[in-house]
Amino acid sequence: MSDDYGLYKNFGDPIEYYPVKASTTIERGDFVDLDASGYLQPCDAGDVPLGVAYDLISDAPSGDGDVDCGVFVGGQNIYVFPPDTGSATIASNGKLMDVGGDRSVNIDASTDGCLRQVGITDDGDVLVRLVPSAAAGV
């Protein structure tokens, strides 16, 4: 990945390819999920991610499925994202958390339990792994 925003350590999670929803752009490192018709889109707050985008889709496709996007799936890679609000602490290591948006972690919620904190950075960003059993589409 030339632009590795979001990827902290790559431990070899597989990359799977999914068709992208029409009129949708996806950034490398976005949390992504599938819409009701099975097309890939960036996550909103509270969504359960299928994975983290590997590819950049900067030209929005005109039709559903006109473009495919690679997605890191699995629970081994470690990603770094800012908390959507508040400050992350080391005391939350091991805690389940939720997606705060396409590029943030809701450190105060665990309704979906789709992310697990495994550390924090010196800048206060959250180090997380995906929880595959919570993944959308599983």
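Nothing in this text is a laboratory measurement; each read-out follows from the coordinates by a stated rule. Computed from a prediction, not measured in an experiment: that's the story for all the values here. With ideal geometry, Cβ positions are generated from the backbone for all residues, glycine too; neighbour counts draw on all protein chains shown.
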Express the relative contact order of the range 1-67 as a whole percentage, based on alpha carbon pairs under 8 Å and six or more residues apart in sequence. 39
Quick one: which residues, 5+ away or cross-chain, put their amide H under 5 Å from the amide H of Ile120? H built at 1.01 Å from N. Leu127
Modelled label-to-label distance, Thr121 and Phe11, 7 Å Cα→beta-carbon offset: nm? 1.9
Describe numerically, in nm with one decimal, the distance between label points set 7 Å from Cα along Cα→Cβ at Asp59 and at Ala91. 5.1
Can you tell me the Rg and Dmax of the chain, counting just the alpha carbons, in angstroms? 14.1, 46
Ala109 neighbourhood, Cβ < 10 Å, K/R = +1, D/E = -1, net charge -4
Env charge @ Gly51, Cβ radius under 11 Å, K,R +1 / D,E -1, value -4
Among 118-131, 97-110, what's the highest-first ranking by average C-beta atoms within 10 angstrom per residue? 97-110, 118-131
